[in-house]
Structure formats: C-alpha cells, structure tokens
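Engineer: Okay, handing you the structure first.
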Amino acid sequence: VIRSAVTGVGSYLPEQVVTNADLAEFVDTSDEWIIERTGIRQRHKARDDQPTSDLAVEAAKKALADAGRTAADVDMIIVATTTPDMTFPSTASIVQRKIGAPTCIAFDVQAVCSGFVYALSVADGFVARGLSKCALVIGAEEMTKLMDWSDRTTCVLFGDGAGAIVVEPREGQGTTADQGLLGFALRSDGTKTDLLYVDGGPSTTGSVGHLRMAGNQVFRHAVVNIAEAITACCEASGITVPEVDWFVPHQANQRIIKGVGDRLGLDEDKVISTVAMHANTSAASIPLALDAAIQDGRIKKGDLVLLEAMGGGLTWGACAFRL
Ligand code: ACO
C-alpha cells in the first residue's frame, strides 16, 4: 500500500458578496436572526454565466501551483459537487479540458456536503494502489443556483465557492514518515433522504429543482453523527482527539460546529471557522476553510488536521491527515 499525502491546497470565491442585509431586502429575515441562528454574515455568489467548473478551475490552478505541479502532471481529477455544470459530462471532465490536463481519470463524486471527504478517500485509494501519482481533488459548488429565493428557511444558509487539493504518493515529497492521509470514517443513512434534498432531477421532474430541508431535524442528527465519525476516524488513524492540531469542519452552521466541539471537548482555538464569511458551500466548504487557515498562517506543514462533514443522504464522515 502506497501512502498518500496532501501536497498542495488552493481555493476560489466568486467576486460578488451578498450580505444578510441584502437578503432582508427581498425575504422576511434579518441580519440579527441569521447571525444568531447560524453565525453567517455573508456569502459569495457566482455570476449567471460562471458555471461551477470555472470556480473549480481557479481553485485547481492555485492548488497545483502550491504543489509545484502543472496541469501536465495531473493523472486524476475528482470533483465533489452537487451543482454540476450539466447532468453530464462530469464537471471533472470539463475541468480537465479547461486546465489542459492530459488524458487521465476524471469523474465526479456526489455525497452532497460530505462530498469532499468522500472524494479524498477515493483519491487515497487510487494512490494506494499505484493508479494515481498526482490527483486533483476539488470541492466546487454553486448552491445559490439551487435556492428557492422565497424560502427564508434555506436561502439564507448557502453560498458558492471552490477549494482544491493535490494528493500524491508520500514518497519523494520530502515528507516525514508520519505525514500523509492517516484514516477515514464514512457513513450514509438512506432512511433520512427526506430530511435534506433537491426536489428535481433528470429522471423525476426533468428539472433542476430547489433545495428543501427539515432544518431542525438535520441539526439534531448532525452533532451526534459527526462526533461518532470523528471518534471512529481517530481510531482508524491511530490518533486521539487531543493530539489533533486543527479541526476543519464542514461549514454549515456555527451552532453545529460548536455543538461538535463541546461534545468532544475540543479546544475552541483549534477549530477553523469560515462560516461567517462563506456560509454553507457544501462540498467546497472544507477545502475553502483549510486554505484560509493555511493562508493566514495557522495551519502549517507537519500539523495534524482532522476534517469532518455531514450533508444530504444523510451522509457524513471524517478524515485525518498530517500536512
Ligand atoms: N429569518 C427569520 N426567521 C426565520 C428564518 C429566517 N431566515 N428561517 C426560519 N425562521 C423562523 C421560522 O419560520 C420559525 O418561525 P415560527 O416559530 O414562527 O415557525 C423560527 O424562525 C424558528 O425556526 P426553526 O427552524 O425552529 O429555527 P432553528 O433554530 O432550528 O434554526 C436553522 C433554523 C438555522 C435552519 C437550523 O435548524 C439549522 O441550522 N439546521 C441545520 C441545517 C443545516 O445547516 N443544513 C445545512 C445542510 S446539512 C449540513 O451541511 C450539516
């Protein structure tokens, strides 16, 4: 088994910022309500003529540059997204064309907000079997394009963005023995598909549909599920929760992030939170938060990082790695 390592990280946010006050102009809500219940202050919004693949490409270019690689080196592209450009081809194939990567493996992973953690586990598996030497793992979403803008219970929660990482075999990267991806815990409970879903699709309505959510029921499952996955992931990785330097959670809601932290007794200073500025960007939220914390100097090479997420399915999971 070949161990894999994270060798580059990058992210991209579309230019337009939409504040809570902007939303309050057309939906019955307030800055105070949104901040108190979610911690969200603003979100970024892609242009109508700017598809998900464009955000993914910007993030991918930065991650490749960070890894000292070019598109010519890429042999696998996995895009975790729930808002693909088209039903097919995969957004990964479109990204491949746009960055000019050679013929390689390219496909999308759909596990909604947990998609990035799922995609990372897939890349780790390909690297482990010697099938990939330079994998681009991207989380890219335009959740604003799934919103029912008359539904205040959902439209205030989501935003657009993309994050990418490069995964390579650990050997030859100047890494130490304990670096690289350490372990995963991945879960899905298909009995809860009706708690969070989009009410459209090619084989049902023939339309894209809008996001629907039983928010407080999702909330109730989130903290318990995520805490269990973190515990299982730490066991699988041979580490303990107190050893972790940085927790990079999926950014859905500050109350969920805090609830998980309290349940596991996490030091608040070790928890990366970007939900105030990014809102919930689904599969993009973890690499966006990871990149923000690397850029501001908190997360450094050699740090032990734990990712966790939960989303529609319900799906959830966690992943530990040493950067
Ligand atoms: N502005 C003002 N009032 C609102 C808004 C809004 N944007 N949205 C809902 N309300 C009202 C409701 O209508 C309700 O009014 P009522 O009492 O008159 O009926 C009241 O606020 C309370 O509604 P609740 O749904 O009980 O509010 P709650 O405290 O549960 O907060 C929220 C709602 C923020 C959605 C919360 O349940 C939550 O965060 N859930 C987790 C869901 C989530 O983050 N999902 C993301 C995808 S899954 C994931 O990524 C983990």
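Just so it is clear, none of the values below were taken in a lab; they were calculated from the coordinates. Computed from a prediction, not measured in an experiment: that's the story for all the values here. Cβ atoms come from the backbone with ideal geometry, glycine included; neighbour counts cover every protein chain shown.
Engineer: So for Cys233, Cys113, Cys319, fewest C-beta neighbours within 10 Å to most, what's the order? Let's see the in-between values first.
Structural biologist: Values: Cys233 24, Cys113 31, Cys319 28.
By the 10 Å Cβ count, ascending: Cys233, Cys319, Cys113.
Engineer: Return the percentage of antiparallel bridges among DSSP beta bridges fully within the chain, rounded to the nearest 5 %.
Structural biologist: Details: 40 of 56 bridges.
Counting only bridges with both partners in the chain, antiparallel ones make up about 70 percent.
Engineer: Something else now. Before rounding to the nearest 500, sum -39500 (n - 2.57) across all DSSP H runs of length at least 4 in the chain and divide by the residue total; then give [θ] at 222 nm in deg cm²/dmol.
Structural biologist: On the way: 10 runs with 105 residues, N = 323.
Calculated from helices alone, the mean residue ellipticity at 222 nm is -9500 deg cm²/dmol.
Engineer: For the chain, what does the relative contact order come out to in percent, with C-alpha contacts under 8 Å and a separation of six or more?
Structural biologist: Value for the chain: 25 percent.
Engineer: Using each residue's phi in the stretch 138-152, evaluate 6.51 cos²θ - 1.76 cosθ + 1.60 at θ = phi - 60° and report the 3J(HN,Hα) Karplus result to the nearest Hz, with x for Gly and Pro.
Structural biologist: 10, x, 9, 8, 10, 5, 4, 7, 9, 7, 8, 6, 9, 9, 5
Engineer: Please list, in order along the stretch 22-29, the HN-Hα scalar couplings obtained from phi with the Karplus expression 6.51 cos²θ - 1.76 cosθ + 1.60 (θ = phi - 60°), rounded to whole Hz, x for Gly and Pro.
Structural biologist: So the J values, rounded to whole Hz, are 4, 5, 5, 6, 10, 9, 6, 8.
Engineer: Among Ala252, Leu304, Thr204, flag the residue with its Cα farthest along the positive direction of the charge dipole of the stretch 180-322, charges on Cβ as +1 for Lys/Arg and -1 for Asp/Glu.
Structural biologist: Farthest towards the positive pole: Thr204.
Engineer: Here's a follow-up. Within the chain, which is the longest segment containing none of the GluC sites (Glu not before Pro) that sit in a DSSP loop and have at most 14 other Cβ atoms within 10 Å? List each step's numbers first, then the result.
Structural biologist: Working: sites that count: Glu15, Glu25, Glu171.
Result for the longest clean stretch: 172-323.
Engineer: Which residue, Gln251, Gln96, Gln217, tops the fluctuation ranking in a GNM of the chain built on C-alpha contacts under 10 Å?
Structural biologist: Among Gln251, Gln96, Gln217, the largest mean-square fluctuation in the Gaussian network model of the chain belongs to Gln217.
Engineer: When a footprinting reagent is the concern and you count Cβ atoms within 10 Å, what order do Val79, Val248 take, fewest first?
Structural biologist: Final ranking by Cβ density, sparse to dense: Val248, Val79.
Engineer: Quick one: grab the alpha carbon gyration tensor of the stretch 218-323, order the square roots of its eigenvalues as a ≥ b ≥ c, and give me rounded if a/c is under 1.5, else prolate or oblate depending on whether a/b is larger than b/c. Please report the intermediate quantities before stating the final value.
Structural biologist: Details: a/c = 1.55, a/b = 1.09, b/c = 1.42.
It is oblate, given that a/c is not under 1.5 and a/b is not larger than b/c.
Engineer: At a Förster distance of 22 Å, what's the computed FRET efficiency of Asp199 paired with Ala21, Cβ-Cβ distance as r, to 0.05? Mind dumping the intermediate values first?
Structural biologist: On the way: r = 29 Å, r/R0 = 1.30.
The calculated FRET efficiency here is 0.15.
Engineer: Can you list the residues, at least 5 places off or on another chain, whose amide H is less than 5 Å from the amide H of Leu182, using H built in the peptide plane?
Structural biologist: Those qualifying (amide H under 5 Å, at least 5 residues apart or on another chain) are Ala320, Phe321, Arg322.
Engineer: Separate question: For the stretch 4-169, state the average projected area of the convex hull of the C-alpha atoms over all orientations, rounded to one decimal in nm². Display every interim value, and only then the final one.
Structural biologist: Values: hull surface 38.7 nm².
Average projection, Cα convex hull of the stretch 4-169: 9.7 nm².
Engineer: Quick one: among Leu266, Leu157, Leu13, which has the greatest mean-square fluctuation in a GNM of the chain with alpha-carbon springs under 10 angstrom?
Structural biologist: Leu266
Engineer: Compute the relative contact order of the stretch 99-215 as a whole-number percentage, counting only Cα pairs closer than 8 Å that sit 6 or more residues apart in sequence.
Structural biologist: Working: 116 pairs, mean separation 25.0, N = 117.
Averaging sequence separation for qualifying contacts and normalising by length gives 21 percent for the stretch 99-215.
Engineer: Let me ask you something else. Could you work out which residue, out of Gly206, Gly180, Gly100, moves most in a Gaussian network model of the chain, that is, has the largest mean-square fluctuation with Cα springs under 10 Å?
Structural biologist: Gly206
Engineer: Let me ask you something else. For the stretch 239-246, what does the Karplus curve 6.51 cos²θ - 1.76 cosθ + 1.60, with θ = phi - 60°, yield as ³J(HN,Hα) per residue in whole Hz, taken in order and with x for Gly and Pro?
Structural biologist: 10, 10, 3, x, 6, 5, 7, 9
Engineer: Rounded, prolate or oblate for the chain? Axes are the square roots of the Cα gyration tensor eigenvalues, ordered a ≥ b ≥ c, and the cut-off for rounded is a/c under 1.5.
Structural biologist: Working: a/c = 1.60, a/b = 1.23, b/c = 1.30.
Here the chain falls in the oblate category.
Engineer: Taking 0.36 nm per intervening residue step and subtracting the Cα-Cα distance, what contour gain separates Ala128 from Val1 on full extension? Walk me through the numbers before you get to the answer.
Structural biologist: Values: separation 127, 0.36 × 127 = 45.72 nm, distance 0.50 nm.
Between Ala128 and Val1, full extension yields 45.2 nm more.
Engineer: Work out the length of the dipole vector of the chain about its Cα centre, built from +1 on the beta-carbon of each Lys and Arg and -1 on the beta-carbon of each Asp and Glu, and round it to the nearest 20 debye. Provide the component values of the computation, followed by the final result.
Structural biologist: Numbers: 28 positive and 40 negative charges, 123 e Å.
Dipole of the chain, to the nearest 20 debye: 580 debye.
Engineer: Expressed as a rounded percentage, what relative contact order does the stretch 1-159 have, with Cα pairs under 8 Å and six or more residues apart? It would help to have the intermediate numbers written out before the result.
Structural biologist: Details: 269 pairs, mean separation 45.7, N = 159.
In percent, rounded to a whole number, it is 29.
Engineer: Would you please give the residues with an amide H less than 5 Å from that of Ala46, counting only those at least 5 places away or on a separate chain, with H modeled from the backbone geometry?
Structural biologist: Asp160
Engineer: Once amide H atoms are placed 1.01 Å from N in the peptide plane, what residues at a sequence separation of 5 or more from Thr83, or on another chain, have their amide H within under 5 Å of its amide H?
Structural biologist: Under 5 Å from the amide H of Thr83 lie the amide H atoms of Glu142, each far enough along the sequence or on another chain.
Engineer: Return Arg220, Arg41 ranked ascending by Cβ neighbour count within 10 Å, so the fewest neighbours appear first.
Structural biologist: On the way: Arg220 12, Arg41 17.
Result, fewest neighbours first: Arg220, Arg41.
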